[in-house]
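Notes follow once the structure below has been shown.
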Amino acid sequence: MSTFIAMPDAVAGSVALSALVGSLPLITFFVLLLVVKARAYVCGGVALLVALAVAVVGFHMPGDLALLSATQGAVFGLFPIVWIVVLALWFYQVTVLSGRFEDLRTLFDTIGGGDLRIQAILIAFCFGGLLEALAGFGAPVAITATMILALGLKPLKTATAVLIANTAPVAFGAVGIPITTAGVLTNLDPANIGAVVGHQAPFLALLVPSFLLLIIDGFRGLREAWPAALVIGVTFAVAQWWSATYFSYELTDVVASLAGLAAAVIFLRFWKPKGADAVRDRLGVAKPASPESLTPARIWMAVLPYILVVAVFGTAKLWTIGVDIPAALAATDIAIPWPGLDGRLLNADGEPITNTVYQFQWLSSPGTLLLIAGLLVGLIYSLFNAHGKFRLSLGNAVAEIGRTFWRMRFAALTIMAVLSLAYVMNFSGQTIAMGTWVAGLGAAFAFFSPVLGWIGTAVTGSDTSANALFANLQKTAALEAGLDPHLMTAANTSGGVVGKMISPQSLAIAATSVAMEGKESAIFRSVIWWSVGLLLLLCTLVFLQSNVLAWILPGN
């Protein structure tokens with residue numbers, strides 16, 4: 001059977017020309033999305049066809065290998081990605097069906113002093129950061145979007161806010177998986193990579209709460225509520241820096257999110273935003289009814305789902321006392337060499353690559369852990385909320401899984417198409433060609449290094465996938481250019497966090513969550529300049545850290 005080696009200069013022996021040809025699928029996708037305004041899953045499907053054609057004609061990949069690459073990507077998109085997103089939405093729906101979500105809203109209303117802007121920051125940034133720490137893979141966008149939409153904010157502003165809020169936490173998402181992946185692929189210490197990311201992401205975290213005020217209520221909102229945004233942003237950033245540098249990069253987002261929320265609770269006891277009703281009038285949001293007084297028992301039941309999420313994920317990811325639960329769960333993963341593909345894709349040394357082995361994480365997947373947590377919530381609610389407004393049966397909670405899958409059907413098609421696209425581009429050498437061309441910039445590569453992570457995450461929707469694509473390339477380019485490989489690998493991770501908001505996967509999730517299916521292009525136009533602006537800021541920061549600001553990095 002034929003084999004294939006991906007070459008960065010496959011098109012006419014030119015890396016530049018190969019990079020240009022390799023970018024055609026991405027150009028196709030965004031032209032269809034922005035100009036034609038086609039649905040995201042249509043854009044993904046057409047771009048996939050272009051990627052297959054480029055792989056076969058331009059990069060000389062055997063047609064059967066290109067098609068098999070697409071199938072592996074589609075299956076990976078379905079499980080675990082779609083599985084995680086659907087279960088995250090279902091988990092939220094269980095709280096809605098139980099009636100307890102209204103109590104959670106009231107709790108946020110109480111903490112936020114009735115100010116919609118502060119509530120949005122607490123939900124999208126602090127609570128979303130906690131969800132990113134535990135689940136990642138789109139779950140924070142899905143859950144926080146539905147929560148903020150329920151507060152009365154308009155759909156487009158809601159989608160924009162949650163996508164931008166889901167930036168700084170992404171690098172440490174899903175218990176630090178992007179950084180762990182980078183460490184595995186580069187043979188660099190992931191703790192050192194995480195510490196460097198901890199000196200980049202906090203700069204974004206410091207700014208994001210203020211950006212949310214601008215998005216929600218313009219410069220007037222920033223002028224009226226900046227003290228709260230500053231306190232939350234500074235606290236989150238400092239906690240993120242401390243945890244990544246001195247404590248644990250895996251728990252960085254947990255520490256930062258809880259610290260930001262605690263700082264908000266304390267600060268808002270002494271400072272109150274002005275004009276909460278005026279804000280609602282300006283935004284066209286109806287004034288909510290006077291919130292009911294919450295008893296301690298109702299507060300406990302309202303926050304119980306998220307306590308259980310922390311407990312389930314914390315146990316599954318970190319518990320090693322007596323029984324190494326993470327290792328036990330990992331042992332249940334089933335490695336499936338992809339039929340017809342495994343062993344036929346080779347690296348430059350002629351050895352088979354390992355990415356053709358599909359890991360079926362049926363038990364250790366964050367989606368399955370969300371299912372376990374949700375079933376526990378449904379069981380507890382059915383036992384202790386058997387009457388009145390909080391009535392919920394376990395059967396109804398389980399039936400909601402099917403309804404959620406149906407609701408997410410078009411988003412699932414988009415995700416599967418985009419992951420198929422990513423796999424074809426990766427295995428055929430299209431992404432490697434683009435990355436190699438950028439890496440040929442020499443010392444100036446330090447400035448452009450985050451762009452690779454930005455591109456990788458924009459294509460795949462995952463910072464983990466972006467590191468899988470480019471982490472080793474970043475290390476190699478850094479060594480050739482005399483740069484710090486930890487800094488460049490970290491820059492790939494940090495660049496990915498500002499690319500996630502424009503990824504088709506994230507756009508589809510946000511659109512579905514705020515009932516804007518088919519209008520992903522409007523959301524894209526709303527977030528693209530925020531993404532580009534933050535990318536330029538990050539590029540400048542990394543470039544300075546490679547020379548004049550090298551002293552601020554850990555170990556210097």
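In the set Asp103, Asp64, Asp109, Asp9, which member is farther than 20 Å from Gly138 by Cα and either crowded, with 21+ Cβ neighbours inside 10 Å or touching a strand residue (DSSP E or B) at 6+ places or on another chain (Cβ under 8 Å) (or both)?
Being farther than 20 Å from Gly138 by Cα and either crowded, with 21+ Cβ neighbours inside 10 Å or touching a strand residue (DSSP E or B) at 6+ places or on another chain (Cβ under 8 Å) (or both) holds for just one of Asp103, Asp64, Asp109, Asp9, which is Asp103.
If I filter segment 320-360 down to residues being in a strand (DSSP E or B) and touching a residue at least 40 places away in the same chain (Cβ under 8 Å), which single residue comes out as nearest to Met425 (Cα to Cα)?
So the residue we want is Leu345.
With the condition kept exactly as written, say whether any residue in segment 165-184 is at pLDDT 80 or above, among the β-branched types (Val, Ile, Thr), over 16 Å from the mean Cα position of the chain (by Cα) and over 29 Å from Leu375 (Cβ atoms).
Looking for residues that are at pLDDT 80 or above, among the β-branched types (Val, Ile, Thr), over 16 Å from the mean Cα position of the chain (by Cα) and over 29 Å from Leu375 (Cβ atoms), one finds none in segment 165-184, hence no.
Is it true that some residue in segment 254-263 is polar (S, T, N, Q), within 27 Å of Phe470 (Cα to Cα) and touching a residue at least 40 places away in the same chain (Cβ under 8 Å)?
Taking segment 254-263 as the starting set, the residues that turn out to be polar (S, T, N, Q) are 257.
Going one step further and asking which of them are within 27 Å of Phe470 (Cα to Cα), we end up with none.
No: zero hits.
Given (1) farther than 30 Å from Leu376 by Cα; (2) touching a residue at least 12 places away in the same chain (Cβ under 8 Å), identify the lone condition not met by Ile84.
With respect to (1) farther than 30 Å from Leu376 by Cα; (2) touching a residue at least 12 places away in the same chain (Cβ under 8 Å), Ile84 is out only on (1).
Filter segment 181-219 down to residues that are touching a residue at least 40 places away in the same chain (Cβ under 8 Å) and either β-branched (Val, Ile, Thr) or at positive phi (or both), then give me how many there are.
Count: 8.
Checking Met516 against (1) among the aliphatic types (A, V, I, L, M); (2) within 20 Å of Ala195 (Cα to Cα); (3) surrounded by fewer than 24 Cβ atoms within 10 Å (Cβ to Cβ); (4) in contact (Cβ under 8 Å) with a residue 40 or more places away in the chain, only one condition comes out false. Which one?
Met516 satisfies every listed condition except (2).
For segment 241-253, how many residues are under 18 Å from Pro140 (Cα atoms) and crowded, with 23+ Cβ neighbours inside 10 Å?
The number of residues fulfilling the criteria is 2.
Collect the residues in segment 277-300 that are among the basic types (Lys, Arg) and modelled with pLDDT of 70 or more, keeping them in residue-number order.
Those that are among the basic types (Lys, Arg) and modelled with pLDDT of 70 or more: Arg280, Arg282, Arg298.
In segment 102-142, how many residues are in a helix (DSSP H, G or I) and either at pLDDT 75 or above or β-branched (Val, Ile, Thr) (or both)?
Our first condition is that a residue be in a helix (DSSP H, G or I); within segment 102-142, this holds for 102-111, 116-134, 139-142.
Adding the requirement that they be either at pLDDT 75 or above or β-branched (Val, Ile, Thr) (or both) leaves 102-104, 106-107, 110-111, 116-133, 140-142.
Summing the residues that are in a helix (DSSP H, G or I) and either at pLDDT 75 or above or β-branched (Val, Ile, Thr) (or both) in segment 102-142 gives 28.
For the structure I just gave you, tell me whether Val35 is at pLDDT below 85 and either touching a Pro at 6+ places or on another chain (Cβ under 8 Å) or crowded, with 24+ Cβ neighbours inside 10 Å (or both). Please lay out each step first, then the result.
Numbers: at pLDDT below 85: yes; either touching a Pro at 6+ places or on another chain (Cβ under 8 Å) or crowded, with 24+ Cβ neighbours inside 10 Å (or both): no.
No.
Report whether or not Tyr306 is buried (at least 16 other Cβ atoms within 10 Å of the Cβ), over 30 Å from Gly555 (Cα atoms), at pLDDT below 85 and hydroxyl-bearing (Ser, Thr, Tyr).
In short, yes.
Given the conditions (1) surrounded by fewer than 24 Cβ atoms within 10 Å (Cβ to Cβ); (2) assigned to a helix (DSSP H, G or I), report the number of the one that Gly173 does not fulfil.
All conditions are met except number (1).
Among the residues of segment 15-49, write down those that are closer than 19 Å to Ala433 by Cα and of a type in the set (Ser, Thr, Tyr).
Those that are closer than 19 Å to Ala433 by Cα and of a type in the set (Ser, Thr, Tyr): Ser18, Ser23, Thr28.
Which one is modelled with the lowest pLDDT among residues in segment 502-526 that are part of a loop (DSSP other than H, G, I, E, B) and of a type in the set (D, E, K, R)?
Checking each candidate, the answer is Glu517.
Which pairs do you get when a residue that is on the phi > 0 side of the Ramachandran plot, found in segment 422-438, comes within reach of a residue that is modelled with pLDDT of 80 or more and in a helix (DSSP H, G or I), reach meaning Cβ atoms under 9 angstrom, with the pair 6+ apart or on two chains?
Pairs found: Gly429/Ser18; Gly429/Gly22; Gly429/Ala55.
I'd like the residue in segment 472-489 that is of a type outside the set (A, V, I, L, M, F, W, C) and closer than 22 Å to Ala348 by Cα and, out of all such residues, is surrounded by the most Cβ atoms within 10 Å (Cβ to Cβ). Show your work before the answer.
First, pick out the residues of segment 472-489 that are of a type outside the set (A, V, I, L, M, F, W, C): 472, 474-476, 480, 482, 484-486, 489.
From the residues that got through so far, the ones that are closer than 22 Å to Ala348 by Cα too are 472, 474-476, 480, 485, 489.
Working: Asn472: 19, Gln474: 33, Lys475: 21, Thr476: 16, Glu480: 12, Pro485: 20, Thr489: 31.
This residue is Gln474.
Tell me whether segment 265-280 contains one or more residues that are on the phi > 0 side of the Ramachandran plot and surrounded by fewer than 18 Cβ atoms within 10 Å (Cβ to Cβ).
Checked segment 265-280: at least one residue is on the phi > 0 side of the Ramachandran plot and surrounded by fewer than 18 Cβ atoms within 10 Å (Cβ to Cβ).
In this structure, does Thr332 turn out to be at pLDDT 90 or above and of a type in the set (Val, Ile, Thr)?
On the way: at pLDDT 90 or above: yes; of a type in the set (Val, Ile, Thr): yes.
For Thr332, the condition - at pLDDT 90 or above and of a type in the set (Val, Ile, Thr) - is met.
Looking at (1) without any contact (Cβ under 8 Å) to a residue 60 or more places away in the chain; (2) surrounded by 20 or more Cβ atoms within 10 Å (Cβ to Cβ), which is the one condition that is false for Gly378?
Single failed check for Gly378: (1).
Would you check which residues across segment 428-450 are closer than 27 Å to Val57 by Cα and either in a helix (DSSP H, G or I) or not small (Gly, Ala, Ser) (or both) and list them?
Ser428, Gln430, Thr431, Ile432, Ala433, Met434, Gly435, Thr436, Trp437, Val438, Ala439
Those residues that are farther than 16 Å from Asn467 by Cα, of a type outside the set (A, V, I, L, M) and not in a loop (DSSP other than H, G, I, E, B), I need them from segment 183-210; list them, please.
The answer is Pro202, Phe203, Pro209, Ser210.
Give Thr493, Thr540, Thr489, Thr476 a once-over and let me know the one that is farther than 13 Å from Ala159 by Cα and in contact with a Lys or Arg (Cβ under 7 Å, 6 or more places away or on another chain). Write out each step before concluding.
Details: Thr493 fails: in contact with a Lys or Arg (Cβ under 7 Å, 6 or more places away or on another chain); Thr540 fails: in contact with a Lys or Arg (Cβ under 7 Å, 6 or more places away or on another chain); Thr476 fails: in contact with a Lys or Arg (Cβ under 7 Å, 6 or more places away or on another chain).
Being farther than 13 Å from Ala159 by Cα and in contact with a Lys or Arg (Cβ under 7 Å, 6 or more places away or on another chain) holds for just one of Thr493, Thr540, Thr489, Thr476, which is Thr489.
The values are calculated or read from the model by the stated rules, or taken from the named source; none is laboratory data. Owing to the predicted nature of the structure, the values given are computational and were not obtained by experimental measurement. Every residue, glycine among them, receives a Cβ derived from its backbone with ideal geometry; neighbour counts consider all protein chains shown.
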